[in-house]
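Contents: one structure, followed by commentary.
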Amino acid sequence: MNKINRTRKRKSRTLLFTVLFFVAGFLTFVSGCGEQPKPPGKQKADAVKPAAAKQPVAKATEDAKKATLDTAAYHYDPMGKIDPFLPLVRDVEGMSEQMMADDGPLTPLQRYTLAELKLVAVIVAGDQSKAMVEDSKGDGYILSKGTLIGNKHGEVAEIKHNEVVIMEKEINPSSGGIIQKKVSLILHKPEEEEL
């Protein structure tokens, strides 16, 4: 008998919740569908307003069209700009290995930075010009046009009266391409070294 009473109570609760659910849904539907009735005096005033209300709507549509045309007139041109989706730090080791593979094995001069080398002598003779640099140990190396020098894949481009112009290769971090940079080693006079 208790089981029958429990079953009836469950069925009555379920029926009650179902009826309440449908009543609430119906009330929500009815309240959303209809408009509030207007007093008789306002109905005449509203009858005159629709003609005036159409003008702001037309003006608003014109403004929306102008805004659409303004936004459509802009065109983004990515030429010459950095791609914002590329990583700022790239794997430059692979690229430097590729540059080294093009040059062949490293010479003793390519193991030094240009700051570690000191220009000590220059002999200017046109295309046969020569220069001499020393490392920190005092070992000397003879340079001529085309000699590979420095750890940034530099090459002697020109030997002048008191300087040696070197073109170094570097990797551009933004584009990943190889750029050339001009660096000079300058011959200092003995009086300048004492100061």
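At-a-glance table
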| quantity | calculated |
| --- | --- |
| Residue in region 143-165 that is surrounded by the fewest Cβ atoms within 10 Å (Cβ to Cβ), counting only those that are among the charged types (D, E, K, R), within 39 Å of the chain's Cα centre (by Cα) and in a strand (DSSP E or B) | E158 |
| Boolean, I178 is surrounded by 14 or more Cβ atoms within 10 Å (Cβ to Cβ), of a type in the set (A, V, I, L, M) and at pLDDT 90 or above | no |
| Yes/no for K137 being surrounded by fewer than 14 Cβ atoms within 10 Å (Cβ to Cβ) and either basic (K, R) or part of a strand (DSSP E or B) (or both) | yes |
| Filtered residues of region 121-134 (kept if not basic (K, R) and not in a helix (DSSP H, G or I)) | A121, V122, I123, V124, A125, S129, A131, M132, V133, E134 |
| Some residue of region 11-23 being at pLDDT below 65 and not basic (K, R) | no |
| Test: residue in region 78-87 that is at pLDDT 90 or above and either exposed (fewer than 13 other Cβ atoms within 10 Å of the Cβ) or β-branched (V, I, T) (or both) | no |
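The values are calculated or read from the model by the stated rules, or taken from the named source; none is laboratory data. Computed from a prediction, not measured in an experiment: that's the story for all the values here. Glycine gets a Cβ as well: all are built from the backbone with ideal geometry, and neighbour counts include every protein chain shown.
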